[in-house]
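J.: Please find one structure pasted underneath; my questions will follow.
The values are calculated or read from the model by the stated rules, or taken from the named source; none is laboratory data. None of these values were measured; they are calculated from a predicted model. When we count neighbours, we look across all protein chains shown, and the Cβ atoms used for this are built from the backbone with ideal geometry, even at glycine. Calculation scope for accessible area: heavy atoms of the full protein, side chains included, ligands and nucleic acids excluded. Shrake-Rupley method; radii C 1.70, N 1.55, O 1.52, S 1.80 Å.
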Amino acid sequence: MRVLLLLVVTLLVAGVLASPAKKKTEHKKAIREKKQHVPVAFEENGPAEQEEETADDEEEETAAEDADDEEEAEDEETEVNKPRTNPCAHHVCGEGRTCAVNELDLPYCKCAESCVKQTHAMTEVCSSHNNTYPTECHLYRQRCLCENESPECATPKNKHEHVEYRGKCVAIKECLPFEMADFPTRMREWLFNSMKFRTERNDLAEEYLPLEMEALKKPQLRLANSAIWKFCDLDQTGDRQVISTRRDSTERRAS
């Protein structure tokens, strides 16, 4: 009987002692279940701390946006202040013309507005139409104006003008009898000197070199050999008809 009574008392004491532990376990379980439904941010920090972190994030984001805006503004300012490349920097125009820029920012050549007038006689040129100009610029500006049918064009034929020689134009006098008699000799010397000049420039075709060498050794062959060379040089099409060239006329004036 005593044994039975002792067993009952033991069970009652064990139940009383186990009750708080059970409640504590159930409480922990409830907290865990509650945490499963709470956002992670709130599991780690309280609401106040979370609000502070959110405010800090917004400030950092705003600061980053402001920095980006400042950088873009600096880039735009740099682009505006960047030295603009002149489209005419490497665009070359001939005498009497000047470079201009169109609406597409592309360079083109137009007739010069004016030319610098020189007072030195050595700058004057005589044109193929026997007109004297202060400089080559003046001559080719006039040619440009006539090519574009400008009101400033003196006469339409000037669109074909070119430099004939340097210096003021002179009246071409009628040749005197002794000058006519000396013409063959002068022509011979001009032709030979022209062929020799081409040789010195390495501009004489190889097949004509023997003619030049032979004329050097035998002066009496200068006219014949140089005439053969010049005829063949001007017969560019091989039809035994000569074609006068600008280079030929330039050499003639130079000699």
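J.: Restricted to segment 165-188, and to residues that are open to solvent by 60 Å² or more (accessible area, probe 1.4 Å) and in contact (Cβ under 8 Å) with a residue 40 or more places away in the chain, which residue is farthest from the chain's Cα centre (by Cα)?
T.: 170
J.: Find all pairs meeting these conditions: Cβ atoms under 6 angstrom apart; at least six residues apart or on different chains; first residue within segment 133-147 and under 19 Å from residue 120 (Cβ atoms) and free of Cβ contacts under 8 Å to residues at least 40 places away in the same chain; second residue surrounded by fewer than 23 Cβ atoms within 10 Å (Cβ to Cβ) and of a type in the set (Ser, Thr, Tyr).
T.: 135/123
J.: Turning to a different aspect of this structure: Considering each residue of segment 194-207, count those that are in a helix (DSSP H, G or I), under 16 Å from residue 231 (Cβ atoms) and open to solvent by less than 40 Å² (accessible area, probe 1.4 Å), and give that number.
T.: Total meeting the criteria: 3.
J.: OK, next. Please verify whether segment 147-154 includes one or more residues that are closer than 23 Å to residue 108 by Cα, of a type in the set (Ser, Thr, Tyr) and surrounded by 10 or more Cβ atoms within 10 Å (Cβ to Cβ).
T.: Looking for residues that are closer than 23 Å to residue 108 by Cα, of a type in the set (Ser, Thr, Tyr) and surrounded by 10 or more Cβ atoms within 10 Å (Cβ to Cβ), one finds at least one in segment 147-154, hence yes.
J.: Of all residues in segment 155-193, how many are closer than 24 Å to residue 120 by Cα and either acidic (Asp, Glu) or part of a loop (DSSP other than H, G, I, E, B) (or both)?
T.: The number of residues fulfilling the criteria is 9.
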